[in-house]
Amino acid sequence: MKNLVISRKGFDATAGGAASPIFANGDIFSVPIPQKKQSPTKYRELRFNDLSGREILDLIGAKSISDDDFYHNDPLLSGHKGIFGQAGGSQGELDNCEIGRGDLFLFFGWFKQHYQNGPNLHHLFGWLQIEKIIKGNYEILKFLSENGLSHPHGTTDITQFKNNTIYIASKNLTFSDSVRDIMGHGVFKKTAESLILTEKGKTRSRWSFPQKYFANTKNLFRNRLNWKDEDKCLVNCIGVGQEFILNAQDNPSVVDWASYLLSTYGRD
């Protein structure tokens with residue numbers, strides 16, 4: 001693994017306008033964002049455990065979204081193939097940093113314990129290790145058709161996604177012996193303190209990385225992040241960017257962090 005990409009997905013302040021839920025039993029669910037143009041799925045088809053899409057939207061206070069609205073079901077982290085789509089400037093950023101086979105996405109979003117009006121948190125919810133990258137509408141549609149799959153980045157509308165790209169997950173994780181029995185894509189089922197990026201008692205965009213893995217790193221941040229307090233491993237995650245790229249090649253302790261998270265929380 002050369003790069004670890006911490007990737008923002010799911011409801012946020014501009015797309016959806018509410019936090020995804022942390023349930024009373026500790027379950028977490030990243031609510032996919034609305035999509036104005038046609039997509040394979042509508043919110044009436046959304047399900048989590050015994051909750052319908054409407055019940056989930058009502059729970060988090062997203063009452064302006066209707067059951068007939070399309071949603072952008074991405075990343076797809078369930079089923080036998082994991083797929084993550086990216087486009088536009090965000091994909092250009094991944095290209096510029098040469099994100100490729102073997103690199104790992106850790107997906108995070110805005111979460112909250114709505115049932116007790118808990119704090120707003122940036123919380124990791126899933127992962128995908130890259131096996132294959134497919135670029136362009138034609139090639140994406142061909143791959144999805146051959147595998148009997150649908151994905152919002154599989155569209156014949158060439159105006160919808162500039163620089164359209166999908167990332168296909170490896171069958172199993174390969175970057176550490178401790179995780180080789182874990183699927184190359186998946187979701188964290190429960191909340192855990194180690195999956196919360198937000199520093200305790202701070203606003204959600206103030207991150208605290210564990211010093212055990214992040215102290216004494218070098219050339220760690222490849223794009224927009226910078227240390228707020230390097231000694232305490234604190235970061236301000238500000239701005240509208242989606243991808244936060246860490247240099248794992250020069251910092252094997254960061255790979256150890258990912259191995260710890262996935263071996264501890266990535267198993268069913």
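The values are calculated or read from the model by the stated rules, or taken from the named source; none is laboratory data. Just so we're clear, the structure is a prediction, and the values are computed from it rather than from any experiment. Quick reminder, even Gly has a Cβ in these numbers, built from the backbone with ideal geometry, and neighbours come from all protein chains shown.
Among the residues in the stretch 26-40, are any of a type outside the set (D, E, K, R), surrounded by fewer than 16 Cβ atoms within 10 Å (Cβ to Cβ), at pLDDT 95 or above and assigned to a loop (DSSP other than H, G, I, E, B)? Yes - at least one qualifying residue is present in the stretch 26-40.
Restricting attention to the stretch 43-80 and to residues that are among the hydroxyl-bearing types (S, T, Y) and touching a Phe, Trp or Tyr at 6+ places or on another chain (Cβ under 6 Å), the residue that is nearest to G148 (Cα to Cα) turns out to be Y71. Restricting attention to the stretch 41-54 and to residues that are in contact with a Ser or Thr (Cβ under 8 Å, 6 or more places away or on another chain) and crowded, with 19+ Cβ neighbours inside 10 Å, the residue that is farthest from G186 (Cα to Cα) turns out to be Y43.
Let's see how each residue does on (1) over 20 Å from Y265 (Cα atoms); (2) among the basic types (K, R):
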residue: I60; (1), (2): yes, no
residue: D67; (1), (2): yes, no
residue: F70; (1), (2): yes, no
residue: P75; (1), (2): no, no
residue: I83; (1), (2): yes, no
residue: Q91; (1), (2): yes, no
residue: L94; (1), (2): yes, no
residue: C97; (1), (2): yes, no
residue: R101; (1), (2): yes, yes
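Yes or no, residue by residue, for (1) farther than 30 Å from K36 by Cβ; (2) free of Cβ contacts under 8 Å to residues at least 60 places away in the same chain; (3) crowded, with 18+ Cβ neighbours inside 10 Å:
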position	(1), (2), (3)
P152	no, no, yes
V179	yes, no, yes
V235	yes, yes, yes
G239	no, yes, no
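Of all the residues in the stretch 42-71, those that are within 15 Å of G10 (Cα to Cα) and hydroxyl-bearing (S, T, Y) number 2. Determine, yes or no, whether K135 is of a type in the set (K, R) and modelled with pLDDT of 95 or more. Yes. Scanning the stretch 212-233 for residues that are of a type outside the set (K, R), surrounded by 14 or more Cβ atoms within 10 Å (Cβ to Cβ) and either in a loop (DSSP other than H, G, I, E, B) or touching a Leu at 6+ places or on another chain (Cβ under 8 Å) (or both) returns F214, T217, L220, F221, N223, L225, W227, E230, C233. If I filter the stretch 98-146 down to residues being closer than 30 Å to I56 by Cα and part of a loop (DSSP other than H, G, I, E, B), which single residue comes out as nearest to the chain's Cα centre (by Cα)? Out of the qualifying residues, it is N120. Could you tell me whether the stretch 125-140 includes any residue that is surrounded by 14 or more Cβ atoms within 10 Å (Cβ to Cβ), farther than 23 Å from E98 by Cα and touching a Leu at 6+ places or on another chain (Cβ under 8 Å)? For the stretch 125-140, residues surrounded by 14 or more Cβ atoms within 10 Å (Cβ to Cβ), farther than 23 Å from E98 by Cα and touching a Leu at 6+ places or on another chain (Cβ under 8 Å): present.
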